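Notes follow the structure.
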Amino acid sequence: MRKYLLNSGVLGSIFSGWGLLQSTRGSKRDWRLLLLWLGWLSSVALSFGAVAQDAEKKRRIASGEIDPDADDQSKAAKKAEKKAAKARKVTLSI
C-alpha cells in the first residue's frame, strides 16, 4: 500500500481530483463535467497500473526471472543491426 501512496504519479492524480471536486461544486452538470471525471478516473487507473507494473518488474528482477540489463543489450543490438542495414543499402545516383 505504501508504494501506491508515496508514488508521485498517484499523488498527483489524486490531488488533481481535489481540484476537480472543487470545480464540480460550482459548475452546472453537463456532458463536459462527465468527461472531466472520466479523464480523472482514467488518470488514476493508469497511475495505479504503472505502479503495479513497476513493482512486478522489480519482483521479477529480484527473483532472477529477468535480467535488468537485457533491455539495454537488445536495444544496442537492434541499433547496430539497423546501422549495418543502412550501410548495406544501395543507392542509385543518376
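Throughout, read-outs are computed from the coordinates displayed, never taken from laboratory work. It should be emphasised that the depicted structure is a prediction, and the values quoted were computed from it without experimental measurement. All Cβ positions, glycine included, derive from the backbone under ideal geometry; neighbour counts span all protein chains shown.
Mind listing whichever residues of region 26-40 are farther than 28 Å from Ala55 by Cβ and in a helix (DSSP H, G or I)? I'd like the intermediate steps shown before the answer.
Taking region 26-40 and keeping what is farther than 28 Å from Ala55 by Cβ, we get 26-36.
Passing the criteria: Trp31, Arg32, Leu33, Leu34, Leu35, Leu36.
Scan region 5-25 and give yes if some residue there is outside any helix (DSSP H, G or I), surrounded by 13 or more Cβ atoms within 10 Å (Cβ to Cβ) and either of a type in the set (Asp, Glu) or out of contact with any strand residue (DSSP E or B) (no Cβ under 6 Å at 6 or more places or on another chain) (or both), otherwise no. Talk me through it step by step, then tell me what you get.
Of all residues in region 5-25, those outside any helix (DSSP H, G or I) come to 6-7.
If we keep only those that are surrounded by 13 or more Cβ atoms within 10 Å (Cβ to Cβ) too, we end up with 7.
Subsequent filtering for residues that are either of a type in the set (Asp, Glu) or out of contact with any strand residue (DSSP E or B) (no Cβ under 6 Å at 6 or more places or on another chain) (or both) retains 7.
Yes - at least one qualifying residue is present in region 5-25.
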